[in-house]
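Scroll down for the structure; my scribbles are underneath it.
Bear in mind that the values in this text are calculations on the coordinates, not laboratory data. Quick caveat: nothing in here was measured; it's all calculated off a predicted structure. In this analysis, Cβ positions are derived from the backbone assuming ideal geometry, glycine residues included, and neighbour counts consider all displayed protein chains.
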Amino acid sequence: MTTLETLSFVGKLVYLGIFLVERPKDGENKKKEVKEMVHSIVKTYGIKLPVPEPIFEFMLDFAIDRIVDSLNKTIWRKAQ
């Protein structure tokens, strides 16, 4: 896989993980579960990350936060 394909695949894993662990509250534990899920799949399938681990962790945290923020403002928005 190319670098862009790898990052795109990881992004899709993040989306999937977020939807799979969704439940009310418990944000930090859900984030941890998503990160563990992504790491498990990357390790299981031997996916070579295109960036060093600390940068990948930062990117993963950033992606989870931004995706959840976006979903909270759209799909998961409470009726007013």
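What distance in nm lies between label points placed 7 Å from Cα along the C-beta direction at Thr6 and Arg77?
If labels sit at Thr6 and Arg77, their model points lie 3.7 nm apart.
Just how many % of Cα pairs in the chain lie over 21 Å apart, if you round to the nearest whole percent?
Working: 870 of 3160 pairs.
Cα-Cα pairs in the chain separated by more than 21 Å: 28 percent.
Determine the dipole magnitude for the chain: charges of +1 sit on the beta-carbon of Lys and Arg, -1 on that of Asp and Glu, nothing else is charged, the reference point is the Cα centre, and the result goes in debye to the nearest 20. Each step should come with its number before you reach the end.
Values: 13 positive and 11 negative charges, 63 e Å.
Roughly 300 debye for the chain.
Around Ile41, with a cut-off of 14 angstrom between Cβ atoms, what is the net charge of the other residues, counting Lys and Arg +1 and Asp and Glu -1? The partial results should precede the final answer.
Details: positive: Lys12, Lys35, Lys43, Lys48; negative: Glu33, Glu36.
Summing Lys/Arg as +1 and Asp/Glu as -1 gives +2.
Select from region 27-73 those trypsin sites (Lys or Arg not before Pro) which occupy a DSSP coil region and have at most 11 other Cβ atoms within 10 Å, ordered by residue number. Display every interim value, and only then the final one.
Details: sites: Lys30, Lys31, Lys32, Lys35, Lys43, Lys48, Arg66, Lys73; in loops: Lys48.
Passing both the DSSP loop test and the Cβ count: Lys48.
Count charges around Ser70 for me, please; just the other residues with Cβ under 14 Å from its Cβ, Lys/Arg as +1, Asp/Glu as -1.
Numbers: positive: Arg66, Lys73, Arg77; negative: Glu22, Asp65, Asp69.
Cβ neighbours under 14 Å give a net charge of 0.
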